[in-house]
Amino acid sequence: MGEKERIEQLRAELHRHNYQYYVLNQPEISDMEFDQLMHELQDLEARHPELFDANSPTQRVGSDLNQDFKQVVHKRPMLSLANTYNKDEVREFYQRVEEGLSGQPFQICCEMKFDGLSISLHYLDGRLQYAVTRGDGVQGDDVTANVKTIPSIPLVLPEGSGYPHEFEIRGEVLMPWESFEALNREREAAEEPLFANPRNAASGTLKSKNSAVVAQRKLDAYLYYLLGEDIPSESHYDNLQLAKKWGFKIGEQMKLVNSLQEIYDYIDYWNEARKDLPVATDGIVLKVNSIAQQRSLGMTAKSPRWAIAYKFMAEKQTTVLREVSYQVGRTGAITPVANMDPVHLSGTIVRRATLNNEDFIKKFDLHIGDHVFVEKGGEIIPKIVDVDLDARDENLGPRVEFITHCPECGTPLVRYEGEAAHYCPNDTACPPQIKGRIEHFISRKAMNIDSLGPETIAEYYRRGIVRDIADLYEIRRYQISGANRQKDKSATKILQGIAESVNVPFERVLYALGIRFVGEIAAKSLARYFKNIDALAKASLDELLQVNGIGTIIAQSVISWFSNPQNQWLIERLRSYGLQMELSEEELAAHSDTLAGQSIVISGVFAYHSRDEYKALIERHGGKNVGSISAKTSFVLAGENMGPAKLEKATKLGIKVMNEDEFLTLIKEK
Ligand code: IVH
């Protein structure tokens with residue numbers, strides 16, 4: 001077989017395995033075999049750029065070139081549904097349909113209402129052409145590059161499966177609960193703001209300008225509406241079952257019913273059972289199944305007459321506040337937690353709810369013994385949404401006063417200007433802060449020492465074996481093995497994991513240090529810019545601000561971290577154990593600092609590269625792309641039709657204007 005044929009064969013096979021795994025949940029091969037096939041295809045494609053295919057399975061990894069979304073007008077407007085929260089209105093809907101169809105028999109297709117963001121996918125000859133968000137219903141964002149990274153969305157449909165020549169399929173992009181929780185745990189560790197619910201997370205992710213980020217975020221998609229000139233069936237239900245054969249994931253809860261009573265039963269059943277689904281749902285959608293009947297019922301201005309959404313109520317319960325406790329995070333941030341009488345809420349028993357901060361407590365004038373309303377919406381952590389002041393009686397306890405000292409180490413708390421949270425400033429000796437920092441250090445995206453976990457860290461801390469991250473590298477076998485075979489075996493694994501971590505690249509070491517506000521992305525930018533820890537440690541505020549994506553808050557935090565002698569000593573110890581304190585040769589080779597310290601404005605239309613590509617090139621060579629011309633601008637990279645106002649400003653300030661050729665010569669990419 002020639003390499004071209006092999007490429008085609010691998011593409012078809014990988015598309016099929018993808019479907020088996022992500023849509024049907026029935027993998028036929030192991031992950032390792034899948035990876036092997038993928039690598040083989042990647043190698044072959046690298047050797048045959050002329051055989052590039054935008055829908056190849058290799059294209060699912062995304063790219064970190066910045067993209068700006070193009071606006072696309074929907075072929076058919078994306079309407080929304082009329083909502084209802086009660087069964088009487090469901091009955092009224094049913095009666096309207098009966099009347100509208102003048103007594104003809106009809107069926108209703110009951111489905112879950114998935115709580116993500118709607119997407120429209122367009123296929124031509126079995127290949128994904130483009131994907132658009134709902135936008136305002138008339139036009140939306142072209143998010144094709146991001147959508148391609150969602151593994152359950154087929155890029156190429158299996159030959160001969162009977163799909164129409166051209167069609168549109170709509171559905172919902174979702175972040176499964178599991179991915180959502182994992183993502184928030186990571187964000188918490190990196191001190192990045194948490195997503196409130198899976199819908200926000202899915203939407204934030206799908207609109208990310210960096211498709212490589214989307215590829216990592218584990219989105220899923222359920223499809224629920226097939227449209228086109230020659231769709232195969234006059235039954236909505238059958239169309240979706242066929243779509244499943246073409247490779248789409250559909251809601252398996254779909255059910256055809258023949259009476260109002262069956263609709264009520266469906267609602268009651270799924271109102272409970274939905275709690276076990278892997279994705280968030282916020283209601284039930286009812287649709288007249290026959291497409292001919294849908295046509296005859298038609299639309300109102302806003303929504304179809306043949307469908308309605310029944311929305312579940314966010315569950316709310318009252319219970320009694322018994323105590324407020326305080327948690328200390330790895331950065332010293334204090335979180336007040338309400339401890340309440342246990343109460344059933346959305347399928348779980350809830351005893352604790354976050355109280356956010358002091359202002360939140362004051363807002364409710366919270367007292368011990370208060371009757372509080374607790375709600376569990378899209379958020380995982382239940383929250384207190386109100387206090388029942390009328391229920392207060394002589395048993396009411398004292399007003400909740402925010403603590404003044406750290407509950408773990410007794411240090412007086414501080415509240416920085418402009419921040420809602422209180423902090424324990426004793427970062428070097430407050431136990432939860434120390435343990436939290438070590439947990440962050442070993443976490444997957446940091447040093448990835450997965451043989452260690454929070455319990456082991458807590459044990460080592462308690463026994464005095466580990467008091468900071470550098471102590472990990474001083475652990476001796478006799479300290480952690482002994483008792484039995486099991487313990488010996490795990491000691492071997494732990495020591496091995498720690499020893500191997502010295503190879504973790506510099507940028508992740510930097511992230512692992514847990515400098516406040518330095519998340520994964522900031523760590524990467526800093527590592528690329530300064531190339532080694534000594535340069536970073538010496539950097540001034542101005543220099544730090546030259547780095548892409550680094551603002552005053554991060555810059556000040558970096559300076560303050562490195563100015564602390566304890567941290568300087570920590571770095572020296574880590575260095576002595578062999579941790580990576582500089583970029584590797586390969587990383588250095590891929591980047592240059594030709595443009596280091598330069599602020600560059602891009603203007604006009606270009607011939608060789610897109611604006612986004614130029615932006616990426618500037619960053620790769622150490623420069624910074626800025627939006628507007630000022631005295632600080634180093635030069636303007638100008639294409640055709642540079643705006644006259646910009647040109648005038650540049651001339652006035654004496655700033656050099658460089659064309660594409662000059663620029664590419666400068667960075668040696670011509
Ligand atoms: S059908 C014309 N089916 O709910 C009918 N929509 O308010 C188009 N949604 O924008 C929608 N699950 O984002 C339909 N099984 C389902 C759905 C569903 C979730 C969303 C969709 C739509 C909104 C309607």
Enumeration of residues in segment 638-670 that are surrounded by fewer than 14 Cβ atoms within 10 Å (Cβ to Cβ) and under 22 Å from Ser592 (Cβ atoms): Lys656, Asp661, Thr665, Lys668, Lys670
Subset of segment 533-551 [part of a helix (DSSP H, G or I) and closer than 17 Å to Ser599 by Cα]: Leu541, Asp542, Glu543, Leu544, Leu545
Residue match in segment 20-38 (condition: open to solvent by 70 Å² or more (accessible area, probe 1.4 Å) and among the β-branched types (Val, Ile, Thr)): no
Lone unmet requirement of (1) surrounded by 12 or more Cβ atoms within 10 Å (Cβ to Cβ); (2) closer than 24 Å to Ala429 by Cβ for Arg528: (2)
Candidate set: segment 388-404, residues that are surrounded by 12 or more Cβ atoms within 10 Å (Cβ to Cβ) and not in a loop (DSSP other than H, G, I, E, B); chosen: the one nearest to the chain's Cα centre (by Cα): Arg399
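I'd like the residue in segment 98-123 that is open to solvent by 40 Å² or more (accessible area, probe 1.4 Å) and either among the polar types (S, T, N, Q) or under 30 Å from the mean Cα position of the chain (by Cα) (or both) and, out of all such residues, is nearest to the ligand (Cβ to nearest atom). Outline the logic, then answer.
Quick first cut of segment 98-123, residues open to solvent by 40 Å² or more (accessible area, probe 1.4 Å) only: 98-100, 102-105, 107, 113.
Cutting the leftovers down to either among the polar types (S, T, N, Q) or under 30 Å from the mean Cα position of the chain (by Cα) (or both) gives us 102, 104, 107, 113.
Numbers: Ser102: 23, Gln104: 21, Gln107: 16, Lys113: 4 Å.
Ranking the candidates gives Lys113 first.
Among what's in segment 124-147 and is over 26 Å from the mean Cα position of the chain (by Cα) and more than 16 Å from the ligand (Cβ to nearest atom), pick the residue that is least open to solvent (accessible area, probe 1.4 Å).
Initially, segment 124-147 is screened for residues over 26 Å from the mean Cα position of the chain (by Cα), giving 124-127, 138.
Narrowing further to those that are more than 16 Å from the ligand (Cβ to nearest atom): 124-127.
Details: Leu124: 58, Asp125: 88, Gly126: 1, Arg127: 80 Å².
My answer is Gly126.
Out of Ala301, Ala307, report the one residue that is out of contact with any strand residue (DSSP E or B) (no Cβ under 7 Å at 6 or more places or on another chain) and either more than 16 Å from the ligand (Cβ to nearest atom) or not aromatic (Phe, Trp, Tyr) (or both). Write out each step before concluding.
Working: Ala307 fails: out of contact with any strand residue (DSSP E or B) (no Cβ under 7 Å at 6 or more places or on another chain).
Answer to the check: Ala301.
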Sole exception among (1) touching a residue at least 24 places away in the same chain (Cβ under 8 Å); (2) open to solvent by 20 Å² or more (accessible area, probe 1.4 Å); (3) of a type in the set (Gly, Ala, Ser) for Ala202, by number: (2)
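Would you check if there is a residue in segment 58-72 being open to solvent by 80 Å² or more (accessible area, probe 1.4 Å), farther than 29 Å from Gly137 by Cβ, assigned to a helix (DSSP H, G or I) and free of Cβ contacts under 8 Å to residues at least 24 places away in the same chain?
Start the filter on segment 58-72 by keeping residues that are open to solvent by 80 Å² or more (accessible area, probe 1.4 Å), which leaves 61, 64, 68, 70-71.
Now drop any that are not farther than 29 Å from Gly137 by Cβ, which leaves 61, 64.
Subsequent filtering for residues that are assigned to a helix (DSSP H, G or I) retains 61.
When the remaining residues are screened for being free of Cβ contacts under 8 Å to residues at least 24 places away in the same chain, the result is none.
The answer is no; no qualifying residue exists.
Just one of Val147, Val132, Val138 is touching a Phe, Trp or Tyr at 6+ places or on another chain (Cβ under 9 Å), over 30 Å from Tyr94 (Cβ atoms) and of a type in the set (Val, Ile, Thr); which is it? Steps first, answer last, please.
Numbers: Val132 fails: touching a Phe, Trp or Tyr at 6+ places or on another chain (Cβ under 9 Å); Val138 fails: touching a Phe, Trp or Tyr at 6+ places or on another chain (Cβ under 9 Å).
Result: Val147 is the single residue among Val147, Val132, Val138 that is touching a Phe, Trp or Tyr at 6+ places or on another chain (Cβ under 9 Å), over 30 Å from Tyr94 (Cβ atoms) and of a type in the set (Val, Ile, Thr).
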Options Lys249, Lys302, Lys316, Lys255: the member that is among the basic types (Lys, Arg), touching a residue at least 60 places away in the same chain (Cβ under 8 Å), out of contact with any Leu (no Cβ under 9 Å at 6 or more places or on another chain) and open to solvent by 10 Å² or more (accessible area, probe 1.4 Å): Lys255
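Take residues that are closer than 30 Å to Ser501 by Cβ and tell me which of the helices (runs of 4 or more DSSP H) falling wholly in segment 567-670 contain 1 or more. Give the derivation first.
Details: elements: 585-590, 611-620, 644-653, 660-666.
In segment 567-670, 585-590, 611-620 are the helices (runs of 4 or more DSSP H) which contain 1 or more residues that are closer than 30 Å to Ser501 by Cβ.
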Residue within segment 76-91 that is in a loop (DSSP other than H, G, I, E, B), open to solvent by 80 Å² or more (accessible area, probe 1.4 Å) and modelled with pLDDT of 90 or more present: no
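For every residue, the table says whether it meets (1) more than 16 Å from the ligand (Cβ to nearest atom); (2) assigned to a strand (DSSP E or B); (3) at positive phi; (4) open to solvent by 10 Å² or more (accessible area, probe 1.4 Å).
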position	(1), (2), (3), (4)
Tyr264	yes, no, no, yes
Glu272	yes, no, no, yes
Gln294	no, no, no, yes
Arg322	yes, yes, no, yes
Ser325	yes, yes, no, yes
Ala338	yes, yes, no, no
Val343	yes, yes, no, yes
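The values are calculated or read from the model by the stated rules, or taken from the named source; none is laboratory data. It should be emphasised that the depicted structure is a prediction, and the values quoted were computed from it without experimental measurement. Don't worry about glycine lacking a Cβ; one is built from the backbone with ideal geometry, like all the others, and counts go over all protein chains shown. Ligands, DNA and RNA are stripped out before the accessible areas are found, and what is left, the full protein with its side chains, is counted by its heavy atoms. Shrake-Rupley method; radii C 1.70, N 1.55, O 1.52, S 1.80 Å.
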